[in-house]
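Enquirer: Quick one: structure below, then a few questions.
The values are calculated or read from the model by the stated rules, or taken from the named source; none is laboratory data. On a predicted model such as this, the values are computed, not experimentally measured, just so you know. Virtual Cβ from ideal backbone geometry, glycine too; neighbours counted across all protein chains shown.
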Amino acid sequence: MVWFILILIIVGYVIWKFNDDSKKVARRNESFGGMKKMFPEFVEYFENNGFELVENSGAKLVYKKALTNNPPFNKYLFLGVESKFTNIAFGYVINGNGEKINGLNVEFAKNYRLEEVEMIVRKITGNLQITGAI
C-alpha cells in the first residue's frame, strides 16, 4: 500500500511539473512578442492563402479557412503551429457535423525557411486528403 501511494505521488508530481514547464514556455513565447512574431513565415503563408486567425496564445497559433460555401454545414480547415518544447505544425478539419478529423503533426526545426512552410502545409493537407477529410 505504501508503494502505491508513493507511485501515485511521483506520478502526480511529474504531471504537475510538466504542466508548470509548459506554462513557463508559453509565458516565454509571449515575452518574445507572441507566436505571430516568432513564426512570421507561417503567418505570411496563412494570411496570403485566405486563412483567418483563430488563436494566438503563448503556445499556439491557429488559422482557419472554409472549405465549402454552405454556412450551416461548412467544413473548415484549421492549420497552426504549436511551440512548447518543440515546434510542431498541425492541421485538422471540422466537418459539417462538428466532428474533428485530425491530420498530421509535423515537427520542424527552429531554423526554417519559407519554402519549408509550404512543404509542411502540403504534407499536412495531403494527409487530410488521403483520409478523405478534405
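Enquirer: Need pairs with beta-carbon distance below 6 Å; first residue in contact (Cβ under 8 Å) with a residue 60 or more places away in the chain and within region 112-123, second aromatic (Phe, Trp, Tyr); sequence gap 6+ or separate chains.
Expert: Here the result reads Val117/Phe42; Val117/Tyr45, each pair linking region 112-123 to a residue that is aromatic (Phe, Trp, Tyr).
Enquirer: For region 79-120, enumerate the residues that are within 15 Å of Phe51 (Cβ to Cβ) and not aromatic (Phe, Trp, Tyr).
Expert: Once the filter is applied, which keeps residues that are within 15 Å of Phe51 (Cβ to Cβ) and not aromatic (Phe, Trp, Tyr), region 79-120 yields Leu79, Gly80, Val81, Ala89, Gly91, Val93, Ile94, Gly103, Val117, Glu118, Ile120.
Enquirer: What pairs come out if I take residues in region 56-70 that are farther than 10 Å from Val81 by Cα and pair them with residues that are in a strand (DSSP E or B) and among the aromatic types (Phe, Trp, Tyr) whose C-beta lies under 8 Å away, six or more apart or interchain?
Expert: Between residues of region 56-70 that are farther than 10 Å from Val81 by Cα and residues that are in a strand (DSSP E or B) and among the aromatic types (Phe, Trp, Tyr), the close pairs are Lys64/Tyr76; Lys64/Phe78; Lys65/Tyr76; Ala66/Tyr76; Leu67/Tyr76.
Enquirer: So which strands (runs of 3 or more DSSP E) stay within region 59-117 end to end and still have 1 or more residues that are at pLDDT 85 or above?
Expert: Where strands (runs of 3 or more DSSP E) fall fully within region 59-117 and carry at least 1 residues being at pLDDT 85 or above, they are 60-66, 76-83, 87-94, 106-108.
Enquirer: Could you tell me whether Val81 is over 11 Å from the mean Cα position of the chain (by Cα), in contact (Cβ under 8 Å) with a residue 12 or more places away in the chain and surrounded by 14 or more Cβ atoms within 10 Å (Cβ to Cβ)?
Expert: Here the answer is no, as Val81 does not meet what is asked.
Enquirer: List pairs: first in region 30-45 and closer than 15 Å to Gly58 by Cβ and among the acidic types (Asp, Glu), second crowded, with 16+ Cβ neighbours inside 10 Å and at pLDDT 85 or above, Cβ under 9 Å, 6+ apart or cross-chain?
Expert: none
Enquirer: Can you find, within region 124-134, the residue that is nearest to Phe90 (Cα to Cα) among those that are among the hydrophobic types (A, V, I, L, M, F, W, C) and in contact (Cβ under 8 Å) with a residue 12 or more places away in the chain?
Expert: Out of the qualifying residues, it is Ile124.
Enquirer: State all residues of region 86-134 that are under 11 Å from the mean Cα position of the chain (by Cα) and among the β-branched types (Val, Ile, Thr); if no residue qualifies, say none.
Expert: Ile88, Val106
Enquirer: Among what's in region 34-58 and is of a type in the set (A, V, I, L, M) and part of a helix (DSSP H, G or I), pick the residue that is modelled with the lowest pLDDT.
Expert: If we take residues in region 34-58 being of a type in the set (A, V, I, L, M) and part of a helix (DSSP H, G or I), then Met35 is modelled with the lowest pLDDT.
Enquirer: Select from region 96-112 the residues that are touching a strand residue (DSSP E or B) at 6+ places or on another chain (Cβ under 6 Å) and of a type outside the set (S, T, N, Q) and write down the one among them that is nearest to Glu41 (Cα to Cα).
Expert: Only one residue fits best here, namely Phe108.
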